[in-house]
Amino acid sequence: MPRIFVSQRRVQQWTEEGRVTIDGNQMNLPELGRTFKLTEAFYVQRAVSEDGDQFKLAGRVKSRTQIATLGGEVFLNSLIIGDTAYEGDPGFIGEPVAAARSGRNSASRSEGTSPGPGTTGRQVSPSAKTAPKSP
């Protein structure tokens with residue numbers, strides 16, 4: 001199963017609805033019998049500064065570590081790197097955690113299965129650089 005991006009807003013909504021449980025950096029989705037390791041990230045929607053998308057980040061997901069390496073800072077729904085400003089969504093990269101052997105074969109799920117109804121539909125590539133938009 002590929003990595004996914006889940007916005008903070010969506011994680012909060014799912015938690016309030018009782019659809020997920022969070023334990024440290026792990027999110028459990030009981031409906032699917034799946035657990036994801038969460039890493040703080042930011043989905044970059046678009047550049048909003050006059051100089052455009054100098055870092056070619058529009059449409060990509062970057063972990064907080066990658067953003068720090070670029071010299072960037074996230075504040076609410078904004079990412080600033082030097083004089084370049086972006087808008088987007090703060091959230092998490094979710095990496096599937098191997099399922100415990102409980103007799104339930106989660107490996108039989110298709111590779112493209114989303115983590116549940118109402119997800120952002122963004123899957124993160126293995127390099128955590130791109131996040132294709134949902135069709």
Between residues in the range 68-82 that are assigned to a loop (DSSP other than H, G, I, E, B) and residues that are surrounded by 15 or more Cβ atoms within 10 Å (Cβ to Cβ) and β-branched (Val, Ile, Thr), which pairs lie under 9 Å by C-beta distance while being six or more apart or on different chains?
Leu70/Ile81; Gly71/Ile81
Taking the conditions exactly as written (surrounded by 15 or more Cβ atoms within 10 Å (Cβ to Cβ), among the hydroxyl-bearing types (Ser, Thr, Tyr) and modelled with pLDDT of 95 or more), does Ser106 satisfy them or not?
no
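Could you tell me whether the range 63-75 includes any residue that is of a type outside the set (A, V, I, L, M) and within 12 Å of the chain's Cα centre (by Cα)? Working first, answer last.
Narrowing the range 63-75 to residues of a type outside the set (A, V, I, L, M): 63-66, 69, 71-73, 75.
Add one more test, that the residue is within 12 Å of the chain's Cα centre (by Cα), and what stays is 63-64.
Within the range 63-75 (the criterion being of a type outside the set (A, V, I, L, M) and within 12 Å of the chain's Cα centre (by Cα)), the answer is yes, since at least one residue qualifies.
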Within the range 19-47, considering residues that are surrounded by 20 or more Cβ atoms within 10 Å (Cβ to Cβ) and hydroxyl-bearing (Ser, Thr, Tyr), the one modelled with the highest pLDDT:
Tyr43
Unique residue being polar (S, T, N, Q) and over 28 Å from Met27 (Cα atoms) when the list is Ser49, Ser78:
Ser49
From (1) in a loop (DSSP other than H, G, I, E, B); (2) of a type in the set (S, T, N, Q); (3) touching a Pro at 6+ places or on another chain (Cβ under 8 Å), pick out the condition that doesn't hold for Thr35.
(1)
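Can you pull out the residues in the range 47-61 that are in a loop (DSSP other than H, G, I, E, B) and in contact (Cβ under 8 Å) with a residue 60 or more places away in the chain?
Going residue by residue through the range 47-61, those that are in a loop (DSSP other than H, G, I, E, B) are 48-59.
Gly59, the sole residue that qualifies.
The values are calculated or read from the model by the stated rules, or taken from the named source; none is laboratory data. All values reported here derive from a predicted model rather than from experimental measurement. Ideal geometry is used to build each Cβ from the backbone, glycine not excepted, and the neighbour counts take in all protein chains shown.
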